[in-house]
Amino acid sequence: MEPRALLEEALRERGLFHAWAPLALPEEAEGRFRRFLTEGRHGGMAYLERGVEARFHPEHRFPWARSALVVFAPYAYPDPGVPKGGVRVGRVARYAWVRDYHLVLGEEVKALEALARSMGIEAKGYVDHGPLPERTLAALTGVGWIGKSGMFLSPTFGVHALIGVLLTSLEVEVSPPHPNRCGRCTRCLASCPTGALLGDGTLDARVCVSYLTVEHKGFIPPEVWPGIGEWLLGCDLCQEVCPWERFGRVWRGFRPEPELAHPDLTEFFRLSGRAFQRRYGDTAFARPGRARMARNALIVLSSLGLGKELMAVAAKDPHPLVRRTALHALYRAGLGIEEFLRDPDEGIRAEASVLLGEVPRAVDLFQNRRESPSPEVKDEGT
Ligand code: B12
Ligand code: SF4
Ligand code: SF4
């Protein structure tokens, strides 16, 4: 069998969808990406600013690269159910119901890379780990298109599909592009709780719930909380409403876990950073980490009008981000916040004074805080 056929056969055996893309990436895609950056729509994701040239010209880093074998792992699995006990409210985006897909799909792509090399083919695999425009490559395979939601979707496997890429030295013929079948549909645009989608397949990440809950490192201003609503981690709204999701499939390599789909929120307040890492180190929760998951949990509890006991626990949290979020959650719930006047963090004390009316809002207005209340500001790091 030819090397190309052997690679495809290996993926078929693993139950993964795949298709080939050329490496001549359209200038239009690079232009959109550069506009996204110059308009600052990437928020605090500074890593996207690095290696833009390399992102759209992989052949500069890998002169042997001729094609990309794009791997799709669909994850339209059913909800694994809610475990008993604990405080289990809020929603976790579907991709995070399984062991971190960077690891699970990454292992598949690594095995594919090894197989290619064993046949004398140059190859380099990626699952989100490097500068590569994965959706653009997916759009060049001919098996689907970029929807108004920005998602790559396909009539073969719907919207919920994670992407891995293997750059190879193989010259391959590729299929013609798939027509965009969004038509007049605007369901995803209407579903977005924060108006993040611009309608041209890109978004303003600074107001996307997925960005705020997963990537944003600092405080999330209470004005934004209603948009976040019940989302504890990520957001699936613009995908769930898509009519093409009826073609959703499930890759058998994914095992959804009830404890990840419906985690006990008390753990984010109870566990030390190290214990959290042991418990969730190989899951998508590790990306934000313990303090940001606690921050997100407080916002969810505030949105649902629940969890006053947890908010009180959070008021004594070792991390200032958690205490600052607890201050606002308790304030929104109409509960006492006097204890924050004695908080070790000067900024939190000042904010509590303002909320309690001890300092006129016009004087402070939180303007002097390290983190501005506007989501447009840069991340501070937790
Ligand atoms: C940064 C990032 C985010 C950011 C910004 C997302 C965004 N839309 O820009 C945030 C944190 C918000 C995010 C959220 C999510 N993400 Co994300 N994210 C990424 C990452 C690392 C880079 C994306 C990026 O460069 N964004 C900047 C924009 C400008 O670029 P782009 O999204 O690639 O869009 C390009 C194409 O659309 C292209 N294009 C548009 N039209 C056309 C037409 C043609 C013909 C062609 C060729 C190209 C083309 O032009 C754009 C600019 O180059 C990729 C992995 C990667 N390395 O690519 C994952 C990735 C895009 N995310 C993914 C997922 C699953 C999600 C979430 C669903 C997770 C969740 N449930 O919370 C949400 C979905 C939000 C949404 N509606 O997009 C998957 C998407 C899979 C898919 N089927 O599309 C990816 C590919 C990760 C992976 N390996 O599977 N994400
Ligand atoms: S992931 Fe949620 S917040 Fe982000 S664009 Fe989609 S619907 Fe809007
Ligand atoms: S919801 Fe409608 S407009 Fe949005 S991506 Fe799906 S088909 Fe396209």
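FYI, it's all coordinate maths here, none of it is from the lab. Just so you know, these numbers come straight off a predicted model, no measurement behind them. Every residue, glycine as well, gets a Cβ built from its backbone with ideal geometry; the counts of neighbours run over all protein chains shown.
The GluC sites (Glu not before Pro) of the range 143-250 meeting both criteria, a DSSP state outside H, G, I, E and B (loop) and at most 10 other C-beta atoms within 10 angstrom of the site's C-beta, are Glu171, Glu173. Helical content alone sets the calculated 222 nm signal of the chain at -9500 deg cm²/dmol, taking -39,500 (n - 2.57) per DSSP H segment of four or more residues and averaging over every residue. Students often get this wrong: which residues of the range 288-317 have the backbone nitrogen under 13 Å from the point 7 angstrom along Cα-to-C-beta of Arg270? Answer for this model: 310. Seen from Phe340, the other residues with C-beta closer than 10 Å to its C-beta sum to a net charge of -1, counting Lys and Arg as +1 and Asp and Glu as -1. Paramagnetic label reach from Val250 (point 7 Å along Cα→Cβ; backbone nitrogen cut-off under 15 Å): within the range 155-170, residues 160-161.
Given axes a ≥ b ≥ c from the Cα gyration tensor, I'd like to know whether the range 132-173 is rounded (a/c under 1.5), prolate (a/b larger than b/c) or oblate. Prolate, since a/c reaches 1.5 and a/b exceeds b/c.
Pull out a ≥ b ≥ c, the square roots of the eigenvalues of the alpha-carbon gyration tensor of the range 1-119, then state rounded if a/c is under 1.5, prolate if not and a/b is larger than b/c, and oblate in the remaining case. It is oblate, given that a/c is not under 1.5 and a/b is not larger than b/c.
Helix 289-304 axis versus longest C-alpha principal axis of the chain: approximately 70°, rounded to the nearest ten.
Can you give me the relative contact order of the chain as a percent, contacts being Cα pairs under 8 Å and 6 or more apart? Taking the mean separation of contacting Cα pairs over the length of the chain, I get 21 percent. Listed as lacking a disulfide-compatible partner in the chain: Cys182, Cys185, Cys192, Cys208, Cys235, Cys242, by the criterion of no other cysteine Cβ under 4.7 Å. Using R₀ = 25 Å, calculate the FRET efficiency as 1/(1 + (r/R₀)^6) where r is the Cβ-Cβ separation of Glu240 and Arg32; round to 0.05. The pair Glu240/Arg32 has a calculated efficiency of 0.50.
The packing ranking, built from the mean of other Cβ atoms within 10 Å per residue, places the peptides 53-59, 8-14 in the order 53-59, 8-14, highest first.
Classified by the C-alpha gyration tensor, the chain has a prolate form. Its axis ratio a/c, with a ≥ b ≥ c, is 1.5 or above, and a/b is larger than b/c. Note on the range 140-262: along the principal axes its Cα atoms extend 52, 36, 30 Å, ordered by decreasing extent. Using the Cβ-Cβ distance between Arg88 and Tyr47 with R0 set to 45 Å, the FRET efficiency works out to roughly 0.85.
The share of C-alpha pairs in the range 271-372 whose separation exceeds 19 Å stands at 46 percent.
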